[in-house]
Structure formats: C-alpha cells, structure tokens
Amino acid sequence: MPTLNRRDFHLSTTTAALAAALPLGFSGAAHAQGKPPQAGKDYQVLDKRAPVDTAQGKIEVIEFFWYSCPHCHAFEPTFQRWVKAQPADVVVRRVPVSFRDDFLPQQKLFYTLEAMGKVDELHGKVFQAIHTERKNISKDGAILDWVGQQGIDKTKFAEIYNSFSVNAKAKRATQIQDQYKVEGVPALGIAGRYYTDGQMAGSMERALQVTDFLVAQTRKGA
C-alpha cells in the first residue's frame, strides 16, 4: 500500500486534484520475510523524543492521516482490524496532518467529531464520501453541509468546530506531525520514539508489523 509523500504537495495544486491524481511515492522495495526490522531502513528513531499523552505503562501508537489522501482511505480497514487486535497497554491515537494551511478544515472536522463522540460513527464515512462518492469536503461550508446530512446539529457542530479547543488541538496536531518528522501519509508514530510509513517498510501492512516489533521492544524496555 503506497504512501502519499509530503514532497508531492504544491501550493498551487488544489486539494481535489491532489486526491485524484498524485504520484504514489512508493518505492515498491522488497523486504526479506522473517528478518527483524532495521533502524534507518524500516523505521526511524527520533533524534528527540516526542511527548506522549498516555499514562505510565501504556504504549502510544499514532496514525498520521489526511482525509483526502486515497492511501489513507485504502489503509483504514486494515488499520481498524489492527487496532481491534491490540492489547490493553496499547493506546491508539489518530492525528490529522497539515502539510499546508488548507488542510486545517479537515483537521478541525476530525477534532470536532472527536469532541462530539462521533469518530466511531463517522470517521469511515468521511473517507467514503470523499473517495467513493467523490464529494469535496475540504472547506468549512462543505464540511458543515455534509455533517448536517449525517443528522448532526449544524449549530452545535459549528460552535465546537470554531472553538478555541478544536483550533488548539489542530495546532497541536501539526506540532506532533513535525516532532515525528512525518514525510507522508498514512504513517505511524510509536511511543514518542519511532516513526515508520509505507515507503520505509515497503507497504503499510508491513509498517504495522514494524509497529508490532517496536511496541514489543518498548514493552521490554528496549
């Protein structure tokens, strides 16, 4: 499964065009099965640890994504299955990226859904609306119209969407993205220490295997 690389984004390109036709940015490199993941090849060790939002004894895994990324949409079912299989000490967070200023509305969309307790219900539907139904949900007005169609109180949604709290979370998401040095989406951050994505690991499926390895290493205190 490919990764949408940060270098593929240009200020003059519209979000809709990016979602429809971008270079895939996938190396397609083969990886030997059974060989332990290698630092610098399959994953990166952060020069400076990123802060985590988990309690002691818990291991944080972050999925970096963008709603308009076709590869994030393709990865979502696989990632959902992986999340459901995790033990109690693994805490999974989703962090919407912002490679450009016009990514902000979709960051705020996610955090508003989160604040309203609607992520489980509507996260997948956002992907479906954009990539299957071909709806352009990338600006404030279009987002408000879409959530209204899902039966959400538009006035309440707009109040939360424009709140200080949601804007602060969006800003924090961009900081976390930069702390992990995210180079493309989808991507994974582990325990504030490690970063991997589909280009490094060879596929997003293998990136999850690398994540399992790094979670185990973290659990052992390595």
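What to note about this one:
- Taking the conditions (1) open to solvent by 20 Å² or more (accessible area, probe 1.4 Å); (2) within 20 Å of HIS123 (Cβ to Cβ); (3) among the β-branched types (Val, Ile, Thr) in turn, THR155 satisfies each one other than (2).
- Of the residues making up region 181-194, those that are in contact with a Leu (Cβ under 7 Å, 6 or more places away or on another chain), buried (at least 24 other Cβ atoms within 10 Å of the Cβ) and of a type outside the set (Val, Ile, Thr) are GLY184, TYR194.
- Of all the residues in region 56-72, those that are of a type outside the set (Phe, Trp, Tyr) and either in a strand (DSSP E or B) or crowded, with 21+ Cβ neighbours inside 10 Å (or both) number 9.
- Of everything in region 86-123 that is assigned to a strand (DSSP E or B) and open to solvent by less than 40 Å² (accessible area, probe 1.4 Å), the residue that is nearest to ILE137 (Cα to Cα) is PRO96.
- Filtered residues of region 73-85 (kept if open to solvent by less than 60 Å² (accessible area, probe 1.4 Å) and without any contact (Cβ under 8 Å) to a residue 40 or more places away in the chain): VAL83
- Pairs are defined by a Cβ separation below 6 Å, a sequence spacing of at least 6 or placement on different chains, a first member in region 111-134 that is closer than 14 Å to ARG93 by Cβ, and a second member that is part of a helix (DSSP H, G or I) and open to solvent by 60 Å² or more (accessible area, probe 1.4 Å); the pairs so defined are TYR111/LYS169.
The values are calculated or read from the model by the stated rules, or taken from the named source; none is laboratory data. Every value quoted in this text rests on a predicted model; they were computed, and no experiment measured them. Positions of Cβ are backbone-derived with ideal geometry, glycine not excepted, and every protein chain shown enters the neighbour counts. To get the accessible areas, we keep the full protein, side chains included, count just its heavy atoms, and leave off ligands, DNA and RNA. Shrake-Rupley method; radii C 1.70, N 1.55, O 1.52, S 1.80 Å.
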